[in-house]
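K.L.:
Have a look at the structure that comes next, please.
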Amino acid sequence: MSVLDKITGIIADISGHPKADVTPDAVLARDLQIDDFGAIEIVITIEDEFGVEISDDQFESAHTPRDLERLVNAATGALATL
């Protein structure tokens, strides 16, 4: 399962939307109506799932599952080079 598949699954589980509705370019707040509490839960779950840390500033710049995938890939890539 790809990083993006895992992220869309996490978002679907937390938001209650069918996974088919959580497309890579769906805007979390606008398209999926994810509020601040849901967003926090998504970030915490992604951090736990992938063993990464996402700062508030990074998360505020992520609007779609694809944006979150980029953050996770950047964080895991940085960890792999240590």
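For every residue, the table says whether it meets (1) under 11 Å from the mean Cα position of the chain (by Cα); (2) at positive phi; (3) in contact (Cβ under 8 Å) with a residue 60 or more places away in the chain.
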residue: ASP31; (1), (2), (3): no, no, no
residue: ILE42; (1), (2), (3): yes, no, no
residue: PHE50; (1), (2), (3): yes, no, no
residue: ASP56; (1), (2), (3): no, no, no
residue: SER61; (1), (2), (3): no, no, no
residue: ARG66; (1), (2), (3): yes, no, yes
residue: VAL72; (1), (2), (3): yes, no, yes
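K.L.:
Out of all the residues in segment 61-82, which are within 18 Å of ASP5 (Cα to Cα) and in a loop (DSSP other than H, G, I, E, B)?
P.N.:
Matches in segment 61-82: ALA62, HIS63, THR64.
K.L.:
Could you list, in sequence order, all residues of segment 44-60 that are farther than 23 Å from MET1 by Cα and surrounded by 15 or more Cβ atoms within 10 Å (Cβ to Cβ)? Give the steps one after another, and end with the answer.
P.N.:
Kept after step one, since they are farther than 23 Å from MET1 by Cα, are these residues of segment 44-60: 55-58, 60.
Listed by number, the list holds a single entry, GLN58.
K.L.:
Restricting attention to segment 1-52, and to residues there that are in a loop (DSSP other than H, G, I, E, B) and small (Gly, Ala, Ser), which single residue is farthest from LEU68 (Cα to Cα)? Before the answer, list the steps.
P.N.:
Of segment 1-52, the ones in a loop (DSSP other than H, G, I, E, B) are 1-2, 16-18, 22-27, 33-35, 51-52.
Checking the rest, the ones that are also small (Gly, Ala, Ser) come to 2, 16, 26, 51.
Details: SER2: 13, GLY16: 18, ALA26: 11, GLY51: 14 Å.
Ranking the qualifying residues of segment 1-52, first place goes to GLY16.
Per-residue answers, yes or no, for (1) touching a helix residue (DSSP H, G or I) at 6+ places or on another chain (Cβ under 7 Å); (2) surrounded by 19 or more Cβ atoms within 10 Å (Cβ to Cβ); (3) among the aliphatic types (A, V, I, L, M):
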| site | (1), (2), (3) |
| --- | --- |
| THR8 | yes, yes, no |
| ALA12 | yes, no, yes |
| LEU32 | yes, yes, yes |
| ILE42 | yes, yes, yes |
| ALA62 | yes, yes, yes |
| VAL72 | yes, yes, yes |
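The numbers here are math on the coordinates, done by the rules we state, and not lab data. None of the values given here were measured: they were computed from a predicted structure. Cβ: placed from backbone, ideal geometry, glycine included. Neighbour counts: every protein chain shown.
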